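The values are calculated or read from the model by the stated rules, or taken from the named source; none is laboratory data. Just so we're clear, the structure is a prediction, and the values are computed from it rather than from any experiment. Heads up, the Cβs are rebuilt from the backbone with ideal geometry, glycines too, and the neighbour counts pull from every protein chain shown. What goes into the accessible areas is simple: the full protein's heavy atoms, side chains included, and nothing from ligands, DNA or RNA. Shrake-Rupley method; radii C 1.70, N 1.55, O 1.52, S 1.80 Å.
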Amino acid sequence: MTSQNLSNAYEALLSCAPAPLFQKARDLYLKKYALDGRKSESPLRLFVAQETLNETISSDPEAPPHGRIARLEARTEELALVHWQNPEPADHSAVERYLRDAWGLADLSLHPCDAPWFREGGHQQRLTLPTPLIWTREARYQDVEKSLEDENL
């Protein structure tokens, strides 16, 4: 189970992220900003390593016949633990303490990466979360094209 602190940080990070329509900007944002916040002084920082986006459109039962609900779901299963501005891995006990104290995570398997984090940000290790982080947003709208088609009939 994912800690509430980690879920809240994920929510805050993605709430400010560029929309998926701007994929390059979104990727840069996720590589630049850690879950720890913009003012973190910690030598260890946690980043979203990969996200999966799923967009769906369905009928809105509260606004028939042309009401729609657009739903965006971002799902993250893998995070990058970065030893900030340091090319060497952090001490194992410091990593365990950071994950436990800052994020409520324990007994996770870390996998080293050969490449440093984005723009030589530091040594990175990857961790797979036991429960994915999920962020969703919904927007209701009227399908104007369908409405116009119906009016022309």
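Averaging over all projection directions, the Cα-based convex hull of the chain occupies 11.0 nm² in the image plane. Between Leu129 and Ala25, what FRET efficiency comes out of the Förster formula 1/(1 + (r/R0)^6) with R0 = 22 Å and r the beta carbon distance, rounded to 0.05? Efficiency at R0 = 22 Å is approximately 0.35. For the options Leu72, Leu28, Leu46, a Gaussian network treatment of the chain with springs between C-alpha atoms closer than 10 Å singles out Leu28 as fluctuating the most.
The heavy atoms of Tyr141 present about 90 square angstrom of accessible area, all protein chains included, probe 1.4 Å.
For the chain, excluding the exposed loop sites themselves (GluC sites (Glu not before Pro), DSSP loop, at most 13 other Cβ atoms within 10 Å), the longest remaining stretch covers 63-153. How many angstrom lie between the C-alpha centres of the range 1-67 and the range 93-120? Cα centroid to Cα centroid, the span is 20 Å. If the segment from Ser109 to Asp91 were pulled out straight at 0.36 nm per residue, it would be longer than the present Cα-Cα gap by 5.0 nm.
To the nearest 10, the accessible area of Thr131 is 60 Å² with a 1.4 Å probe. Exposed loop sites here are trypsin sites (Lys or Arg not before Pro) assigned a DSSP state other than H, G, I, E or B and surrounded by at most 11 other beta carbons within 10 Å; excluding them, the longest clear run of the chain is 40-153. Simple point charges give the picture: +1 on the Cβ of Lys and Arg, -1 on the Cβ of Asp and Glu, and for the chain a dipole about the Cα centre of about 520 debye.
Sequentially through the range 98-108, phi angles give Karplus couplings (6.51, -1.76, 1.60; θ = phi - 60°) of 4, 5, 6, 6, 7, 10, x, 9, 9, 6, 9 Hz, Gly and Pro residues having no value and appearing as x. Sum up the charges of everything whose Cβ sits under 12 Å from the Cβ of Glu73, counting Lys and Arg as +1 and Asp and Glu as -1, but leave Glu73 out. Charge balance near Glu73 sits at 0. Couplings 3J(HN,Hα) of the range 58-71, computed from phi: 9, 5, 9, x, 8, 9, x, x, 10, x, 9, 10, 9, 10 Hz, in residue order, whole Hz [Karplus 6.51 cos²θ - 1.76 cosθ + 1.60, θ = phi - 60°; x for Gly and Pro]. Between Ala12 and Glu145, the C-beta separation translates, for a Förster distance of 30 Å, into a calculated FRET efficiency of about 0.25.
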